[in-house]
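Everything on this sheet refers to the single structure shown next.
The values are calculated or read from the model by the stated rules, or taken from the named source; none is laboratory data. Not measured: the values here are computed from a predicted model. No Cβ is skipped: glycine too gets one built from the backbone with ideal geometry, and neighbour counts run over all protein chains shown.
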Amino acid sequence: MAKKFRKGGVHPPENKSTRNLPCETFPLPEVAVIPLSQHIGAPSVACVEVGQTVVVGQLIGRSGGFVSAGVHSSVSGRVTAVGDVTDIRGMRTPAVMIEVEGDTWLDTVDRSEEIVHECDLAPEEIVARVAEAGVVGMGGATFPTHVKLSPPPNTKADTLIINGAECEPYITCDHRLMVERSREIVVGATIASRALGVERTVIAVEANKPDAIEALRLAAAGRVEVAELRTRYPQGGEKQLIEAVTGRRVPSGGLPIAVGAVVQNVGTAVAVYEAVQKRKPLIERRLTVTGSGVARGGNFAVRIGTPFEKLIDHCGGLRDDQIKIISGGPMMGYATGNMQSPVTKGTTGILALSGSEARRRPETSCIKCAKCVSVCPMGLEPYLLIKLVRLGRAADAEPRAILDCIECGSCAYTCPASLPLLDFIRTGKRTVAQLKRERDAK
Amino acid sequence: MEKKLVISPSPHVYGGENTLRLMLDVLVALAPALAVSFWVYGWNVLVVTAVSIASCVAAEWLLQRFLLRGPLTVGNLSAVVTGTLLAFNLPSTLPLWMVATGALVAIGVGKMSFGGLGRNPFNPALVGRVFLLLSFTGAMTTFPAVTDAVTGATPLGFIKGGLKSGLSISELASQLSYADLLFGFKSGSFGEISALALILGGIYLMIRRVISWHIPATVLGSMALLSGVLWLADPSSYMSPLFHLLTGGAMLGAFFMATDYSTSPMNRRGMVVFGVGIGLLTMTLRLWSAYPEGMSFAILIMNAFVPLINKYVKPRRFA
């Protein structure tokens, strides 16, 4: 029986047309633009100068604190600039620009194809290697992995869940990763579970990827569990995933560790494997390019810092005059106006939607159908939250648990009146968080 | 760069649902019941339905165009649904000017005066029906004959009247055929007669996820429960639960009237409270009030409680 979360959720058309396309190694860019803040937490601090030559894997940004991550050069060449660039959100962000020359790697990196299974390192040494390699959560949230692997002293993790749900429509890079690199995922998972000292390690995959489940079961050979999940969005949401696998619900405002769980994406498991066993820093990632806006889709292994435009051109360019380019999936991805945005550690895909797909539908009257309430996986009342926020009464949304919203977008997706429910809930969350900070400051 | 990039916050895709499609589904679900009514009562059924729909649409369009001067919303077909449901609650012989008057009250008072679709607290079709029932009681309770056994009286009216004149339940029940009640060979408002056709429509709405099972199941369940307890305790004074489920507005009310979006609660737990309230009130009115039928009043009374239910009966949070 497939495991499932119990409350709400939707099942959008999957549109995973690239699911059977093997991952291709994407050509090196001419110039790599590597942001110094690709993770949650303090930005890293540049430690290279203009004119300096760097090699692949060399540290170019030193971690800015405990909750931070180092940034490594994804290419070899000459640093042409260290300064601000425009990021995906159109904001200025510090970055290192490198003109690519050849492809010379740091010689400590083991680039062989051979899989290194054994790991008898102490947990502290594993965490140190993960931190050194700049590994962050690769499902899109980009939380520094070494922090997750070292839970606070008064907590205890008993279950490690490797998230292979990939519940976002269109995106297939994790699917391909699970099919093509199942052994690395399993080794990465056992290393992470060793670091955490957990009793149970589960790789959890949605039922719509039977080939991935089969490959993982074969690779796991009973050493770790492989669980099948019901295909339903947002199955890959941390709280929903923990509930499906362990039956425990993370309390409101709490972290997964409160119920003894740690969740890592399958891509992160591979990054952990490479960091610990191959001493390879996180300098490339897999992503999916897809959607009606590009001529052809594909799954690619891309160096960090490659501009979106290069990937889109490689896939035949944009097919329409009106296009929405989304970093990530259609439910939670971020629509960008910047074709020069670089691929970062958290870029799961580039989705190009064209024509009417790219447009928002006009809002009509709320008909009180209550569908937003029944699909909310957190048990909230989206119709009420949008009403309160629109009336300028965001403070009243706090006791209605607006901060519990995980921004999955199921409410807005399902609304027959096309109300911009999540837009206003986000605004309300920001207001409530601000009020809370002010209250705590007193 | 010539390309225009569209930017908006997530989510970037929509589900297949919209107001128009939901309304179309309701109309499709009402079609079998309309067909049975046409078969039993003839052309009058279609004429009354057409007049009711036309009057509802015209009322909404005229009010929006000339009085409210807001956007025109007749295109979403909600007025067509209201018109159909109002017609279903009328005798097929009702004078057409009364039909039109009822439609005007349904749309004008029941819906537009509160701000239109989604804002009305009371089911507009029932507002129209109850207005007509109270204003033109005679015309609203005179039904054409269908079978020889119960000429011109609805089964509920027949039982209530019979009990009053001293007949026993067993004598009365022997004159009724449960098959006729199920298929629709009985007197009544023309849309409510075929329990079977209405159940089929209700199942269609649930399969299409236009409605959930919570309201219909709790309305019918609580009706069956209350009438069942009484029937078991004293079968010589009370009709069976099956009789109550197959007669009057039970099926039309449970599947189509009580489930009206704007006038029912906003979460499933609230829907259960609402449905149980309607079921119990319906039985109370049927058994102990001056009227033989209670569904319309029960729904309208529970409509009034919806804001309170929404305030105090909340969905269960994740954690």
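Pairs are defined by a Cβ separation below 8 Å, a sequence spacing of at least 6 or placement on different chains, a first member in segment A:81-107 that is farther than 19 Å from A:GLU49 by Cα and free of Cβ contacts under 8 Å to residues at least 40 places away in the same chain, and a second member that is polar (S, T, N, Q) and part of a loop (DSSP other than H, G, I, E, B); the pairs so defined are A:GLY102/A:SER76.
Is it true that B:VAL146 is under 16 Å from the mean Cα position of the chain (by Cα) and of a type in the set (Val, Ile, Thr)? No, not satisfied. Just so you know, in segment B:285-319 the residues that are assigned to a loop (DSSP other than H, G, I, E, B) and within 13 Å of another protein chain (Cβ to nearest Cβ) include one that is farthest from B:ASP260 (Cα to Cα), and it is B:ALA319.
Do the conditions hold for B:THR282, that is, is it within 20 Å of B:VAL127 (Cα to Cα) and under 16 Å from the mean Cα position of the chain (by Cα)? For B:THR282, the condition - within 20 Å of B:VAL127 (Cα to Cα) and under 16 Å from the mean Cα position of the chain (by Cα) - is met. Of all residues in segment A:312-339, those being out of contact with any helix residue (DSSP H, G or I) (no Cβ under 6 Å at 6 or more places or on another chain) and in a loop (DSSP other than H, G, I, E, B) number 13.
The rows are residues; the columns are (1) at pLDDT below 95; (2) more than 24 Å from B:TYR291 (Cα to Cα); (3) more than 15 Å from the chain's Cα centre (by Cα).
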position: B:GLY70; (1), (2), (3): yes, yes, yes
position: B:LEU86; (1), (2), (3): no, no, no
position: B:LEU90; (1), (2), (3): no, no, no
position: B:THR93; (1), (2), (3): yes, no, yes
position: B:ALA106; (1), (2), (3): no, no, no
position: B:LYS111; (1), (2), (3): no, yes, yes
position: B:PHE122; (1), (2), (3): no, no, no
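Every residue, every condition in (1) of a type outside the set (Lys, Arg); (2) more than 24 Å from A:GLY253 (Cα to Cα), yes or no:
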position: A:ALA335; (1), (2): yes, yes
position: A:LYS345; (1), (2): no, yes
position: A:SER356; (1), (2): yes, yes
position: A:ARG359; (1), (2): no, yes
position: A:ILE367; (1), (2): yes, yes
position: A:VAL375; (1), (2): yes, no
position: A:GLU398; (1), (2): yes, no
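The set of residues from segment A:318-333 being more than 7 Å from every other protein chain (Cβ to nearest Cβ) and within 17 Å of A:SER410 (Cα to Cα) comprises A:GLY328, A:GLY329. Checked against the criteria, B:PRO9 counts as in contact with a helix residue (DSSP H, G or I) (Cβ under 7 Å, 6 or more places away or on another chain) and either closer than 30 Å to A:ILE425 by Cα or among the polar types (S, T, N, Q) (or both).
Would you call A:ALA295 over 30 Å from A:ARG430 (Cβ atoms), more than 10 Å from chain B (Cβ to nearest Cβ) and modelled with pLDDT under 95? Criteria met by A:ALA295.
Out of B:ILE211, B:ILE207, one residue alone is surrounded by 23 or more Cβ atoms within 10 Å (Cβ to Cβ) and free of Cβ contacts under 8 Å to residues at least 60 places away in the same chain. It is B:ILE211. When the test is whether a residue is touching an Asp or Glu at 6+ places or on another chain (Cβ under 7 Å) and more than 8 Å from every other protein chain (Cβ to nearest Cβ), A:VAL373 does not pass it. A:LYS345 meets the conditions (1) surrounded by 24 or more Cβ atoms within 10 Å (Cβ to Cβ); (2) within 10 Å of another protein chain (Cβ to nearest Cβ); (3) basic (Lys, Arg) in every case but one. The failed one is (2). Looking only at residues in segment B:256-274 that are within 14 Å of chain A (Cβ to nearest Cβ) and among the hydrophobic types (A, V, I, L, M, F, W, C), which one is farthest from B:ILE211 (Cα to Cα)? Among those residues, the one meeting the criterion is B:VAL273. The set of residues in segment A:289-322 being buried (at least 22 other Cβ atoms within 10 Å of the Cβ) and of a type in the set (Ser, Thr, Tyr) consists of A:THR290, A:THR306. Of everything listed in (1) over 26 Å from A:ASP84 (Cα atoms); (2) surrounded by fewer than 17 Cβ atoms within 10 Å (Cβ to Cβ), the single unmet condition for A:ALA141 is (1). You will find that of B:GLY248, B:GLY253, B:GLY277, B:GLY191, the residue that is more than 19 Å from B:PRO121 (Cα to Cα), in a helix (DSSP H, G or I) and more than 14 Å from chain A (Cβ to nearest Cβ) is B:GLY191 and no other. For segment A:81-108, enumerate the residues that are surrounded by 14 or more Cβ atoms within 10 Å (Cβ to Cβ), part of a strand (DSSP E or B) and among the charged types (D, E, K, R). The answer is A:GLU99, and nothing else.
Among the residues of segment A:391-409, those that are more than 27 Å from the chain's Cα centre (by Cα), within 14 Å of chain B (Cβ to nearest Cβ) and in a loop (DSSP other than H, G, I, E, B) comprise A:GLU398, A:PRO399, A:ARG400. When segment B:30-57 is limited to residues that are of a type outside the set (Phe, Trp, Tyr) and surrounded by fewer than 17 Cβ atoms within 10 Å (Cβ to Cβ), the one that is nearest to the other protein chains (Cβ to nearest Cβ) turns out to be B:ALA31. Where helices (runs of 4 or more DSSP H) fall wholly inside segment A:208-311, the ranges with 3 or more residues that are small (Gly, Ala, Ser) and out of contact with any Leu (no Cβ under 8 Å at 6 or more places or on another chain) are A:210-220. Within segment B:101-147, the only residue that satisfies the criterion of being closer than 19 Å to B:LEU63 by Cα, among the aliphatic types (A, V, I, L, M) and free of Cβ contacts under 8 Å to residues at least 24 places away in the same chain is B:VAL109.
Scanning segment B:94-135 for residues being of a type in the set (Lys, Arg) and closer than 14 Å to B:TYR261 by Cβ gives a total of 2.
Okay, residues lined up against (1) part of a loop (DSSP other than H, G, I, E, B); (2) touching a residue at least 24 places away in the same chain (Cβ under 8 Å):
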site	(1), (2)
A:ARG360	yes, yes
A:MET378	yes, yes
A:LEU388	no, yes
A:CYS411	no, yes
A:GLN434	no, no
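If you go through segment B:6-37 and keep only what is in contact (Cβ under 8 Å) with a residue 40 or more places away in the chain and among the β-branched types (Val, Ile, Thr), you end up with B:THR19, B:VAL26, B:VAL28, B:VAL36. Comparison of A:ILE367, A:ILE350 shows that the only residue that is touching a residue at least 24 places away in the same chain (Cβ under 8 Å) and either surrounded by fewer than 23 Cβ atoms within 10 Å (Cβ to Cβ) or within 9 Å of chain B (Cβ to nearest Cβ) (or both) is A:ILE367. Within segment B:18-29, the presence of a residue that is within 13 Å of chain A (Cβ to nearest Cβ), among the hydrophobic types (A, V, I, L, M, F, W, C), outside any helix (DSSP H, G or I) and more than 28 Å from B:ASP180 (Cα to Cα) is excluded.
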